[in-house]
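> This is the structure I have questions about; it appears just below.
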Amino acid sequence: MRISMVGPGADEELRSFRSWLLDTPEIRQHAKISWQTTEPQPGDMGAGAIDTLQLITDNFWQIATFSLSYVAWRKTRARSPRVTIEHNGRVVTIESDDSASVERITRALTDE
């Protein structure tokens with residue numbers, strides 16, 4: 001799964017979320033977390049590479065744990081960047097920290 005953020009302070013917030021995930025034992029022990037760097041496409045704003053957080057997990061429980069971790073992290077943030085999560089061709093965009101976000105993330109990442 002790939003996680004990206006857009007908005008004021010998005011780079012800082014993405015680094016914060018990565019730290020949060022690494023501090024969550026259930027995630028850290030059962031998922032591989034890494035940065036994925038891609039070059040901007042022609043016409044995109046900005047000149048540097050774009051960092052995306054990549055999380056590799058292999059079962060539903062870990063996706064549910066990720067969803068809960070995301071909502072818990074989001075509630076601690078003063079800023080609210082738009083978060084896009086991509087997994088197996090599915091894309092979900094989250095702009096809130098409500099409990100419905102857990103269901104939306106989990107459903108988008110697990111529906112076949």
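A short reminder: the numbers here are calculations on the coordinates, not readings from a lab. From a predicted model like this one, the values you see are computed outputs, not experimental measurements. Please note: Cβ atoms are built from the backbone with ideal geometry, for glycine as well, and neighbour counts cover all protein chains shown.
> May I ask you to evaluate 6.51 cos²θ - 1.76 cosθ + 1.60, the Karplus curve with θ = phi - 60°, for each residue of the stretch 72-84 and list the ³J(HN,Hα) values in order in whole Hz, giving x for glycine and proline?
Karplus-based 3J(HN,Hα) across the stretch 72-84 equals 5, 4, 4, 5, 8, 9, 7, 8, 10, x, 6, 10, 10 Hz.
> Using alpha carbons only, how many degrees (0 to 90, rounded to 10) separate the axis of helix 100-110 from the longest principal axis of the chain?
Approximately 90 degrees, to the nearest ten.
> Scan the stretch 61-101 for trypsin sites (Lys or Arg not before Pro) in coil per DSSP, keeping those whose Cβ has at most 15 other Cβ atoms within 10 Å, and list them by number. Write out the running numbers ahead of the final one.
Values: sites: 74, 75, 77, 79, 82, 90; in loops: 77, 79.
Passing both the DSSP loop test and the Cβ count: 77, 79.
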